Structures are given as structure tokens and as C-alpha cells.
Amino acid sequence: MSEYYTILGKSVKCPQYNKNIVLSAKYRFTQNPENEYEVRFAYATCPIIENSKLDKDNQRKEYKYLDCFNPDCKLLKDFPELFDSRNHL
């Protein structure tokens, strides 16, 4: 059986750099027969962390010299565990 996902964005202020960024949260559809729009949180990431994984030549200029010193950032966990994907965060 195939699994389906959706990605949701959430604007926050990075506490480390005092910079506005958009976190991306990946949600998996639960295949609940009573609510086909129900999704469960899988994980979230931020552009600073993702950018640091890229080769220096491919990094986005605005994040090039930023390194996350807190990969367990509370903001990455501050998403609803389960919700209806028709509703916005």
C-alpha cells in the first residue's frame, strides 16, 4: 500500500539568529477511513539546517554562513501531531 505525504510551511523567528524563516513539516496521511484528510506529523526541518547539508557552491546565499547549533530546536517539534489537512496551521 502506498503512503502519501503533504508538506506544510510555518513562519517562525529563528531564536539563534533572530531571523524570520519558514519551517517545513512533513505529514503522512493516516488512511483513516473516517477522515481521508487526517495526517500525522513525521518530521520538520529548517532552511538553515538543509542549506548546511549542501555543497558550498549550491548553498543559498542568505543561509550560506549560518550554522545551526541546536539541531534539537523546539520549533522543529512545535507542530500538531495529528490534524485535518484541510485546516491550516
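The table below lists the values:
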| quantity | calculated |
| --- | --- |
| Residue list for segment 12-30, restricted to those being over 30 Å from Ser2 (Cα atoms) and of a type in the set (S, T, N, Q) | Gln16, Asn18, Asn20 |
| In segment 44-89, the residues that are touching a helix residue (DSSP H, G or I) at 6+ places or on another chain (Cβ under 8 Å) and closer than 14 Å to Gly9 by Cβ | Ala44, Thr45, Cys46, Pro47 |
| Selected residue (criterion: least open to solvent (accessible area, probe 1.4 Å)) from residues of segment 40-66 that are among the hydroxyl-bearing types (Ser, Thr, Tyr) and farther than 23 Å from Arg86 by Cα | Tyr63 |
| Lys13 being loosely packed, with under 13 Cβ neighbours inside 10 Å and assigned to a strand (DSSP E or B) | yes |
| Criterion violated by Ile7 - all others in (1) of a type in the set (A, V, I, L, M); (2) part of a strand (DSSP E or B); (3) at pLDDT below 95; (4) open to solvent by less than 50 Å² (accessible area, probe 1.4 Å) satisfied | (4) |
| Evaluation of Leu54 against (1) part of a helix (DSSP H, G or I); (2) modelled with pLDDT under 95 (one fails), failing number | (1) |
| Residue that is nearest to the chain's Cα centre (by Cα), among those in segment 17-39 that are open to solvent by 40 Å² or more (accessible area, probe 1.4 Å) and within 13 Å of Leu76 (Cα to Cα) | Ser24 |
| Members of segment 67-78 that are farther than 13 Å from Tyr17 by Cα and open to solvent by less than 100 Å² (accessible area, probe 1.4 Å) | Pro71, Leu75, Leu76, Asp78 |
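The values are calculated or read from the model by the stated rules, or taken from the named source; none is laboratory data. What you see is a predicted model, and the numbers here were worked out from it, not measured in a lab. Positions of Cβ are backbone-derived with ideal geometry, glycine not excepted, and every protein chain shown enters the neighbour counts. Side chains are part of the model used for accessible areas, which takes the heavy atoms of the whole protein and leaves out ligands, DNA and RNA. Shrake-Rupley method; radii C 1.70, N 1.55, O 1.52, S 1.80 Å.
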